[in-house]
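Contents: one structure, followed by commentary.
Derivation of every value follows stated rules applied to the coordinates shown; laboratory data play no part. Treat the numbers as computed from the prediction; the structure is a model and nothing was measured. Note that we place each Cβ from the backbone using ideal geometry, even for glycine, and neighbour counts take in every protein chain shown.
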Amino acid sequence: MNVDSSLRAGGDGRNARPRTARPTYRPAAVYVLLALLVVLAAGALYGGAALVADPSGALLDMPVTLLDGSPFADYLVPGSVLFVLLGLFPLATAGALWLRPTVLHLRRIGVHAAWLGALGVGLTLIVWILVQMTILRFHLQPPFLVLGVAISLVSALPSVRSYCNASPPERAEGSSRDKVP
């Protein structure tokens, strides 16, 4: 190993190991999962923002009477939950799935937070839609139920799980950030 490569490895040129590059290969299922998460996030951010901006539901042509039998007088709380839980969270999960930052690798349980997040998003969407369909009798969302099932199933594929849960790359010796208690 020459001095130039050891410096790139994060060392000072003495006794440094080269960094192991994180694999950039992503299985096709990961791209499918990313697309599903982004589609969900886009729809939920739009719908949630519209419901928060106008809690009467008029912007989305949703009368408040759809909430009869629910604990909500208007769409402010459901819109906020939609925006955060099914908009921002899937977007953050997609980012973590794409980047797979080492800090999100949960070593104690042996999984990456991106994988748990994607599975959680799918299950949350399924519950969200089933609540709409049963309690609120709001049946305009079956495609989103299918989307929730698809996110859950694609997340559970072995290729996605192994991609997400691959061990993080080794770092150069001597880095204090790498020491696990």
All conditions in (1) buried (at least 18 other Cβ atoms within 10 Å of the Cβ); (2) closer than 19 Å to Val38 by Cβ are true of Trp98 except (1)
*Is it the case that some residue within the stretch 100-117 is in contact with a Cys (Cβ under 7 Å, 6 or more places away or on another chain) and either farther than 15 Å from Ser155 by Cβ or in a helix (DSSP H, G or I) (or both)?*
yes
Among the residues of the stretch 33-69, the number that are outside any helix (DSSP H, G or I) and either closer than 21 Å to Leu123 by Cβ or among the hydrophobic types (A, V, I, L, M, F, W, C) (or both) is 1
Checked Ala113, Ala118 against criteria (touching a residue at least 40 places away in the same chain (Cβ under 8 Å), within 15 Å of the chain's Cα centre (by Cα) and closer than 29 Å to Cys164 by Cα); the one match is Ala118
Checked the stretch 74-90 for anything surrounded by 19 or more Cβ atoms within 10 Å (Cβ to Cβ) and not in a helix (DSSP H, G or I); matches are Tyr75
If you check Leu130 against the conditions, is it under 16 Å from the mean Cα position of the chain (by Cα), in contact (Cβ under 8 Å) with a residue 12 or more places away in the chain and assigned to a helix (DSSP H, G or I)? no
Given (1) at positive phi; (2) touching a residue at least 40 places away in the same chain (Cβ under 8 Å); (3) out of contact with any strand residue (DSSP E or B) (no Cβ under 7 Å at 6 or more places or on another chain), Arg100 misses just (3)
